[in-house]
1. Taking region 278-321 as the region of interest, how many residues are touching a residue at least 40 places away in the same chain (Cβ under 8 Å) and assigned to a helix (DSSP H, G or I)?
2. Which one is nearest to Y334 (Cα to Cα) among residues in region 287-313 that are surrounded by fewer than 20 Cβ atoms within 10 Å (Cβ to Cβ) and among the aliphatic types (A, V, I, L, M)?
3. Mind counting the residues in region 328-381 that are farther than 23 Å from F156 by Cβ, assigned to a loop (DSSP other than H, G, I, E, B) and in contact with a strand residue (DSSP E or B) (Cβ under 7 Å, 6 or more places away or on another chain)?
4. Give region 114-134 a look and list any residue that's farther than 16 Å from I348 by Cα and of a type in the set (S, T, N, Q), or say none.
5. Does I69 fit the bill of being closer than 27 Å to G228 by Cα and out of contact with any strand residue (DSSP E or B) (no Cβ under 7 Å at 6 or more places or on another chain)?
6. Just a yes or no: is a residue in region 163-176 assigned by TED's automatic domain parsing to the domain that holds I350, surrounded by fewer than 18 Cβ atoms within 10 Å (Cβ to Cβ) and hydrophobic (A, V, I, L, M, F, W, C)?
7. Please specify each residue of region 5-37 satisfying the condition of being outside any helix (DSSP H, G or I) and either on the phi < 0 side of the Ramachandran plot or buried (at least 23 other Cβ atoms within 10 Å of the Cβ) (or both).
8. If I filter region 100-111 for residues that are β-branched (V, I, T) and either in contact (Cβ under 8 Å) with a residue 24 or more places away in the chain or under 29 Å from Q229 (Cα atoms) (or both), do I get at least one hit?
Amino acid sequence: SEEKILEAKKFFNKNKVDYLLVTAPENIAWILNIRGHDSIFSPIPNARLLMNKNGDIHFFANPKKITMIKKSLPKKIIFHEENKIEKILTNLYKNKIFLDSLSCSIYYKNLLKKKNIIVEKIDPIHFFKSIKNITEIKNMKKSHLSDGVALTKFLFWIKKNFRKKKITELFAQKKLENFRKMNKSYKFPSFNTISGSGPNTAIIHYRASPKTNRSLRKGDLYLVDSGGQYSFGTTDVTRTISLDNKSNYIKEIYTRVLKGHIAVSNFPLKKNSTGSKVDQSARKFLKKIKLDYPHGTGHGVGYFLNVHEGPQSFSKNNKVNLRDGMIISNEPGYYKEGSFGIRIENLIYINQNKFEELTMVPIEKDLINKKMLNKNEINWI
(Lines give C-alpha, C1' and ligand atoms only; values in the text may rest on other atoms or scores of the structure.)
Protein backbone atom coordinates (compact mmCIF):
# COMPACT_ATOMS: atom_id res chain seq x y z
CA SER A 1 0.00 0.00 0.00
CA GLU A 2 3.01 2.34 0.46
CA GLU A 3 3.55 2.31 -3.33
CA LYS A 4 -0.11 3.11 -3.94
CA ILE A 5 0.01 6.02 -1.49
CA LEU A 6 3.08 7.37 -3.31
CA GLU A 7 1.12 7.18 -6.57
CA ALA A 8 -1.66 9.20 -4.96
CA LYS A 9 0.86 11.80 -3.73
CA LYS A 10 1.94 12.40 -7.34
CA PHE A 11 -1.69 13.19 -8.11
CA PHE A 12 -1.70 15.83 -5.35
CA ASN A 13 1.36 17.55 -6.79
CA LYS A 14 0.05 17.47 -10.35
CA ASN A 15 -3.40 18.83 -9.47
CA LYS A 16 -2.29 21.17 -6.66
CA VAL A 17 -4.88 19.97 -4.15
CA ASP A 18 -4.47 19.72 -0.37
CA TYR A 19 -6.85 16.86 0.42
CA LEU A 20 -8.52 13.89 -1.25
CA LEU A 21 -11.73 12.60 0.34
CA VAL A 22 -12.17 8.93 -0.62
CA THR A 23 -15.81 7.86 -0.28
CA ALA A 24 -15.93 4.78 -2.56
CA PRO A 25 -15.29 1.76 -0.27
CA GLU A 26 -13.64 -0.22 -3.09
CA ASN A 27 -11.04 2.55 -3.52
CA ILE A 28 -10.23 2.48 0.19
CA ALA A 29 -9.85 -1.31 -0.01
CA TRP A 30 -7.50 -0.93 -2.98
CA ILE A 31 -5.21 1.81 -1.71
CA LEU A 32 -4.76 0.24 1.75
CA ASN A 33 -4.69 -3.39 0.54
CA ILE A 34 -7.54 -4.36 2.86
CA ARG A 35 -10.82 -6.18 2.39
CA GLY A 36 -14.04 -6.20 4.43
CA HIS A 37 -17.34 -7.99 4.94
CA ASP A 38 -19.80 -5.10 4.66
CA SER A 39 -21.37 -6.08 1.33
CA ILE A 40 -23.12 -9.27 0.22
CA PHE A 41 -21.23 -9.72 -3.05
CA SER A 42 -18.05 -7.63 -2.67
CA PRO A 43 -15.34 -7.74 0.03
CA ILE A 44 -15.43 -3.99 0.66
CA PRO A 45 -15.14 -2.15 3.99
CA ASN A 46 -17.77 0.34 5.13
CA ALA A 47 -15.25 3.15 5.67
CA ARG A 48 -14.18 6.64 4.61
CA LEU A 49 -10.71 8.04 4.09
CA LEU A 50 -9.20 11.54 4.05
CA MET A 51 -5.69 11.90 2.66
CA ASN A 52 -3.54 15.04 2.55
CA LYS A 53 -0.74 16.02 0.16
CA ASN A 54 1.92 14.73 2.59
CA GLY A 55 0.45 11.24 2.53
CA ASP A 56 -1.12 11.48 6.00
CA ILE A 57 -4.36 9.50 6.18
CA HIS A 58 -7.42 9.80 8.40
CA PHE A 59 -9.29 6.49 8.36
CA PHE A 60 -12.92 6.40 9.53
CA ALA A 61 -14.46 3.02 10.37
CA ASN A 62 -16.02 0.92 13.11
CA PRO A 63 -13.06 0.37 15.53
CA LYS A 64 -14.15 -3.22 16.24
CA LYS A 65 -13.68 -4.10 12.58
CA ILE A 66 -10.15 -2.76 12.17
CA THR A 67 -8.40 -4.18 15.27
CA MET A 68 -6.85 -7.06 13.32
CA ILE A 69 -5.50 -4.96 10.45
CA LYS A 70 -4.05 -1.96 12.34
CA LYS A 71 -0.55 -3.42 12.65
CA SER A 72 -0.27 -4.17 8.93
CA LEU A 73 -1.24 -0.66 7.80
CA PRO A 74 1.16 2.29 7.27
CA LYS A 75 2.12 4.25 10.40
CA LYS A 76 0.88 7.53 8.93
CA ILE A 77 -2.73 6.40 9.33
CA ILE A 78 -4.79 8.07 12.06
CA PHE A 79 -7.79 5.94 13.06
CA HIS A 80 -11.16 7.45 13.94
CA GLU A 81 -14.60 6.12 14.75
CA GLU A 82 -16.88 6.48 11.73
CA ASN A 83 -19.04 9.18 13.35
CA LYS A 84 -16.02 11.50 13.80
CA ILE A 85 -15.77 12.34 10.11
CA GLU A 86 -18.17 15.29 10.36
CA LYS A 87 -16.01 16.99 13.02
CA ILE A 88 -12.78 16.48 11.05
CA LEU A 89 -14.28 17.80 7.81
CA THR A 90 -15.85 20.80 9.55
CA ASN A 91 -12.43 21.83 10.89
CA LEU A 92 -10.85 22.01 7.42
CA TYR A 93 -10.35 25.65 6.38
CA LYS A 94 -9.11 27.34 3.19
CA ASN A 95 -8.00 24.09 1.54
CA LYS A 96 -8.40 22.78 -1.98
CA ILE A 97 -10.24 19.47 -1.55
CA PHE A 98 -10.84 16.81 -4.21
CA LEU A 99 -14.17 14.94 -4.03
CA ASP A 100 -15.30 11.90 -6.01
CA SER A 101 -18.14 12.92 -8.32
CA LEU A 102 -19.31 9.29 -8.46
CA SER A 103 -19.63 8.49 -4.74
CA CYS A 104 -19.36 11.59 -2.54
CA SER A 105 -22.60 12.51 -0.78
CA ILE A 106 -24.17 15.96 -1.07
CA TYR A 107 -23.88 16.17 2.72
CA TYR A 108 -20.06 15.96 2.69
CA LYS A 109 -19.89 18.30 -0.28
CA ASN A 110 -22.02 20.97 1.42
CA LEU A 111 -20.06 20.57 4.65
CA LEU A 112 -16.73 21.23 2.92
CA LYS A 113 -17.62 23.94 0.44
CA LYS A 114 -18.51 26.44 3.19
CA LYS A 115 -14.84 27.06 4.05
CA ASN A 116 -12.87 25.37 1.25
CA ILE A 117 -12.41 25.20 -2.51
CA ILE A 118 -14.00 22.04 -3.92
CA VAL A 119 -12.80 20.10 -6.96
CA GLU A 120 -15.44 17.55 -7.94
CA LYS A 121 -14.23 14.96 -10.46
CA ILE A 122 -13.79 11.20 -10.67
CA ASP A 123 -11.56 9.93 -7.86
CA PRO A 124 -8.14 9.13 -9.44
CA ILE A 125 -8.07 5.83 -7.53
CA HIS A 126 -10.75 4.54 -9.92
CA PHE A 127 -8.15 4.94 -12.69
CA PHE A 128 -5.21 3.62 -10.64
CA LYS A 129 -6.95 0.37 -9.69
CA SER A 130 -8.20 -0.29 -13.22
CA ILE A 131 -4.60 -1.13 -14.23
CA LYS A 132 -3.83 -4.51 -12.71
CA ASN A 133 -0.20 -5.39 -11.93
CA ILE A 134 1.57 -8.65 -12.80
CA THR A 135 0.67 -10.30 -9.47
CA GLU A 136 -3.00 -9.36 -9.80
CA ILE A 137 -3.19 -10.74 -13.35
CA LYS A 138 -1.43 -13.95 -12.27
CA ASN A 139 -3.89 -14.43 -9.41
CA MET A 140 -6.89 -13.59 -11.61
CA LYS A 141 -5.78 -16.38 -13.96
CA LYS A 142 -5.64 -18.71 -10.97
CA SER A 143 -9.16 -17.74 -9.85
CA HIS A 144 -10.54 -18.25 -13.37
CA LEU A 145 -8.98 -21.69 -13.56
CA SER A 146 -10.72 -22.64 -10.30
CA ASP A 147 -13.98 -21.10 -11.50
CA GLY A 148 -13.66 -22.81 -14.87
CA VAL A 149 -13.46 -26.20 -13.18
CA ALA A 150 -16.65 -25.51 -11.20
CA LEU A 151 -18.63 -24.15 -14.14
CA THR A 152 -17.53 -26.87 -16.56
CA LYS A 153 -18.63 -29.54 -14.07
CA PHE A 154 -21.93 -27.71 -13.67
CA LEU A 155 -22.65 -27.44 -17.41
CA PHE A 156 -21.78 -31.12 -17.87
CA TRP A 157 -24.15 -31.98 -15.01
CA ILE A 158 -26.99 -29.99 -16.66
CA LYS A 159 -26.45 -31.65 -20.04
CA LYS A 160 -26.31 -35.11 -18.50
CA ASN A 161 -29.33 -34.79 -16.21
CA PHE A 162 -31.98 -32.42 -17.60
CA ARG A 163 -33.74 -35.23 -19.54
CA LYS A 164 -33.71 -37.65 -16.57
CA LYS A 165 -34.86 -35.54 -13.65
CA LYS A 166 -36.67 -32.32 -12.85
CA ILE A 167 -34.16 -29.48 -12.63
CA THR A 168 -35.52 -26.03 -11.84
CA GLU A 169 -33.76 -22.70 -12.33
CA LEU A 170 -33.33 -22.27 -8.57
CA PHE A 171 -32.09 -25.82 -8.07
CA ALA A 172 -29.56 -25.34 -10.87
CA GLN A 173 -28.41 -22.08 -9.28
CA LYS A 174 -27.86 -23.84 -5.94
CA LYS A 175 -26.03 -26.70 -7.66
CA LEU A 176 -23.60 -24.27 -9.30
CA GLU A 177 -22.92 -22.63 -5.93
CA ASN A 178 -22.14 -26.08 -4.48
CA PHE A 179 -19.65 -26.78 -7.27
CA ARG A 180 -17.89 -23.47 -6.51
CA LYS A 181 -17.83 -24.23 -2.78
CA MET A 182 -15.73 -27.32 -3.48
CA ASN A 183 -12.77 -24.95 -3.87
CA LYS A 184 -11.36 -23.83 -0.49
CA SER A 185 -10.42 -20.41 -1.88
CA TYR A 186 -14.01 -19.63 -2.88
CA LYS A 187 -15.64 -17.02 -0.64
CA PHE A 188 -19.07 -16.09 -2.05
CA PRO A 189 -20.82 -15.09 -5.31
CA SER A 190 -19.65 -11.86 -6.97
CA PHE A 191 -23.28 -11.00 -7.80
CA ASN A 192 -26.74 -12.54 -7.75
CA THR A 193 -26.69 -15.45 -10.22
CA ILE A 194 -28.90 -15.25 -13.31
CA SER A 195 -30.28 -18.74 -13.94
CA GLY A 196 -32.92 -18.66 -16.66
CA SER A 197 -34.54 -21.11 -19.05
CA GLY A 198 -36.94 -20.83 -21.99
CA PRO A 199 -38.53 -17.36 -22.25
CA ASN A 200 -36.81 -16.28 -19.02
CA THR A 201 -33.50 -16.19 -20.91
CA ALA A 202 -34.82 -13.08 -22.69
CA ILE A 203 -34.92 -11.13 -19.41
CA ILE A 204 -31.48 -9.51 -19.21
CA HIS A 205 -31.33 -9.15 -15.41
CA TYR A 206 -33.56 -12.10 -14.59
CA ARG A 207 -33.71 -13.34 -11.00
CA ALA A 208 -35.33 -16.73 -10.49
CA SER A 209 -37.85 -16.72 -7.63
CA PRO A 210 -40.37 -19.26 -6.32
CA LYS A 211 -43.01 -17.53 -8.47
CA THR A 212 -41.02 -17.56 -11.73
CA ASN A 213 -39.03 -20.76 -11.16
CA ARG A 214 -39.24 -22.84 -14.38
CA SER A 215 -38.09 -26.38 -14.96
CA LEU A 216 -35.41 -26.86 -17.61
CA ARG A 217 -37.24 -28.51 -20.52
CA LYS A 218 -36.23 -30.26 -23.69
CA GLY A 219 -36.11 -27.76 -26.56
CA ASP A 220 -35.25 -24.82 -24.27
CA LEU A 221 -32.17 -22.67 -24.01
CA TYR A 222 -30.60 -22.27 -20.56
CA LEU A 223 -28.67 -19.10 -19.73
CA VAL A 224 -26.48 -18.84 -16.63
CA ASP A 225 -24.65 -15.60 -15.78
CA SER A 226 -22.66 -15.97 -12.57
CA GLY A 227 -19.41 -15.18 -10.83
CA GLY A 228 -17.37 -15.89 -7.76
CA GLN A 229 -15.21 -14.06 -5.25
CA TYR A 230 -12.07 -16.06 -4.56
CA SER A 231 -9.32 -15.05 -2.13
CA PHE A 232 -7.17 -14.31 -5.19
CA GLY A 233 -9.63 -12.82 -7.69
CA THR A 234 -13.11 -12.09 -9.02
CA THR A 235 -14.91 -13.89 -11.85
CA ASP A 236 -17.92 -13.20 -14.09
CA VAL A 237 -18.99 -15.55 -16.88
CA THR A 238 -22.11 -16.25 -18.96
CA ARG A 239 -22.93 -19.33 -21.00
CA THR A 240 -26.06 -20.11 -23.01
CA ILE A 241 -26.55 -23.81 -23.66
CA SER A 242 -28.93 -25.91 -25.72
CA LEU A 243 -31.31 -28.34 -24.07
CA ASP A 244 -31.82 -30.24 -27.33
CA ASN A 245 -32.98 -27.08 -29.09
CA LYS A 246 -33.34 -27.73 -32.84
CA SER A 247 -34.15 -24.22 -34.13
CA ASN A 248 -31.98 -23.17 -37.08
CA TYR A 249 -32.92 -19.53 -36.45
CA ILE A 250 -31.63 -19.69 -32.86
CA LYS A 251 -28.43 -21.30 -34.16
CA GLU A 252 -27.99 -18.43 -36.60
CA ILE A 253 -28.50 -15.80 -33.89
CA TYR A 254 -26.20 -17.61 -31.45
CA THR A 255 -23.49 -17.82 -34.11
CA ARG A 256 -23.81 -14.10 -34.87
CA VAL A 257 -23.44 -13.31 -31.16
CA LEU A 258 -20.44 -15.65 -31.02
CA LYS A 259 -18.84 -13.97 -34.05
CA GLY A 260 -19.23 -10.61 -32.26
CA HIS A 261 -17.66 -12.09 -29.14
CA ILE A 262 -14.69 -13.36 -31.15
CA ALA A 263 -14.37 -10.00 -32.94
CA VAL A 264 -13.93 -8.30 -29.56
CA SER A 265 -11.34 -10.85 -28.46
CA ASN A 266 -9.37 -10.30 -31.68
CA PHE A 267 -9.87 -6.52 -31.84
CA PRO A 268 -6.66 -4.80 -33.09
CA LEU A 269 -5.88 -2.36 -30.28
CA LYS A 270 -3.98 0.86 -30.93
CA LYS A 271 -2.56 3.47 -28.54
CA ASN A 272 -5.75 5.51 -28.45
CA SER A 273 -8.31 2.70 -28.75
CA THR A 274 -11.47 3.22 -26.69
CA GLY A 275 -14.28 0.98 -25.51
CA SER A 276 -16.75 2.56 -27.94
CA LYS A 277 -14.79 1.23 -30.94
CA VAL A 278 -14.69 -2.28 -29.48
CA ASP A 279 -18.42 -2.12 -28.75
CA GLN A 280 -19.13 -1.45 -32.44
CA SER A 281 -17.20 -4.54 -33.53
CA ALA A 282 -19.27 -6.77 -31.22
CA ARG A 283 -22.58 -5.67 -32.77
CA LYS A 284 -21.74 -5.73 -36.47
CA PHE A 285 -22.88 -9.30 -37.20
CA LEU A 286 -26.27 -8.77 -35.57
CA LYS A 287 -26.68 -5.39 -37.23
CA LYS A 288 -26.30 -7.02 -40.65
CA ILE A 289 -29.78 -8.47 -40.09
CA LYS A 290 -31.02 -5.34 -38.25
CA LEU A 291 -30.75 -6.78 -34.74
CA ASP A 292 -28.97 -5.43 -31.66
CA TYR A 293 -28.87 -5.69 -27.85
CA PRO A 294 -29.79 -2.97 -25.32
CA HIS A 295 -26.73 -3.10 -23.03
CA GLY A 296 -23.02 -2.41 -23.18
CA THR A 297 -20.69 -5.10 -24.47
CA GLY A 298 -18.41 -5.07 -21.43
CA HIS A 299 -17.53 -3.61 -18.04
CA GLY A 300 -14.36 -3.38 -15.98
CA VAL A 301 -13.85 -5.98 -13.24
CA GLY A 302 -12.07 -5.62 -9.89
CA TYR A 303 -9.41 -7.76 -8.24
CA PHE A 304 -11.20 -9.48 -5.33
CA LEU A 305 -13.40 -6.38 -5.32
CA ASN A 306 -16.47 -5.19 -7.23
CA VAL A 307 -17.44 -7.27 -10.24
CA HIS A 308 -18.37 -3.98 -11.95
CA GLU A 309 -15.74 -1.25 -11.91
CA GLY A 310 -14.69 1.62 -14.14
CA PRO A 311 -13.70 3.79 -15.75
CA GLN A 312 -13.19 1.47 -18.74
CA SER A 313 -16.03 -0.32 -20.52
CA PHE A 314 -17.12 -1.48 -23.96
CA SER A 315 -20.09 0.80 -24.55
CA LYS A 316 -21.34 3.25 -27.16
CA ASN A 317 -20.18 6.39 -25.35
CA ASN A 318 -17.08 5.26 -23.43
CA LYS A 319 -14.05 7.35 -24.42
CA VAL A 320 -11.52 6.00 -21.88
CA ASN A 321 -8.29 4.83 -23.52
CA LEU A 322 -7.76 1.08 -23.13
CA ARG A 323 -4.44 0.29 -21.45
CA ASP A 324 -2.34 -2.75 -20.56
CA GLY A 325 -3.52 -4.41 -17.35
CA MET A 326 -7.19 -3.51 -17.71
CA ILE A 327 -9.69 -6.36 -17.21
CA ILE A 328 -13.01 -6.11 -19.06
CA SER A 329 -15.95 -8.41 -19.71
CA ASN A 330 -16.81 -9.40 -23.29
CA GLU A 331 -20.56 -10.12 -23.34
CA PRO A 332 -22.57 -9.49 -26.50
CA GLY A 333 -26.06 -10.98 -26.64
CA TYR A 334 -29.50 -10.94 -28.18
CA TYR A 335 -32.94 -11.03 -26.53
CA LYS A 336 -36.31 -11.73 -28.13
CA GLU A 337 -38.95 -10.86 -25.55
CA GLY A 338 -41.12 -13.78 -24.46
CA SER A 339 -39.13 -16.22 -26.57
CA PHE A 340 -35.37 -16.61 -26.00
CA GLY A 341 -32.19 -14.85 -24.99
CA ILE A 342 -28.51 -15.46 -25.75
CA ARG A 343 -25.40 -14.08 -24.07
CA ILE A 344 -21.78 -15.24 -24.21
CA GLU A 345 -19.43 -13.69 -21.66
CA ASN A 346 -15.73 -14.09 -20.94
CA LEU A 347 -13.38 -11.84 -19.00
CA ILE A 348 -10.39 -10.62 -20.98
CA TYR A 349 -7.37 -8.48 -20.11
CA ILE A 350 -5.03 -6.30 -22.13
CA ASN A 351 -1.44 -7.51 -22.49
CA GLN A 352 0.97 -5.68 -24.81
CA ASN A 353 -1.92 -4.07 -26.69
CA LYS A 354 -3.75 -7.36 -27.25
CA PHE A 355 -6.71 -8.97 -25.53
CA GLU A 356 -6.03 -12.25 -23.74
CA GLU A 357 -8.61 -14.60 -22.24
CA LEU A 358 -9.07 -15.13 -18.52
CA THR A 359 -12.27 -17.24 -18.59
CA MET A 360 -11.72 -20.97 -19.02
CA VAL A 361 -15.16 -22.42 -19.76
CA PRO A 362 -16.17 -24.24 -22.99
CA ILE A 363 -18.36 -22.50 -25.58
CA GLU A 364 -21.66 -24.27 -26.41
CA LYS A 365 -20.94 -26.01 -29.73
CA ASP A 366 -24.47 -27.43 -30.13
CA LEU A 367 -25.76 -23.94 -30.99
CA ILE A 368 -23.11 -23.08 -33.60
CA ASN A 369 -23.79 -22.97 -37.33
CA LYS A 370 -20.26 -23.86 -38.44
CA LYS A 371 -20.92 -22.74 -42.03
CA MET A 372 -21.16 -19.15 -40.77
CA LEU A 373 -17.65 -19.19 -39.29
CA ASN A 374 -14.36 -18.49 -41.05
CA LYS A 375 -11.10 -20.36 -40.36
CA ASN A 376 -9.82 -17.82 -37.83
CA GLU A 377 -13.07 -17.99 -35.87
CA ILE A 378 -13.02 -21.80 -35.88
CA ASN A 379 -9.40 -21.77 -34.67
CA TRP A 380 -10.32 -19.30 -31.90
CA ILE A 381 -13.01 -21.69 -30.61
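1. Number satisfying all stated conditions: 4.
2. L291
3. So the answer is 0.
4. N116
5. The answer is yes for I69.
6. Yes: one or more hits.
7. Within region 5-37, V17, D18, Y19, L20, L21, V22, T23, A24, I34, R35, G36, H37 qualify.
8. no
The values are calculated or read from the model by the stated rules, or taken from the named source; none is laboratory data. Every value quoted in this text rests on a predicted model; they were computed, and no experiment measured them. Note that each Cβ is placed from the backbone with ideal geometry, even for glycine, and that neighbours are counted across all protein chains shown.
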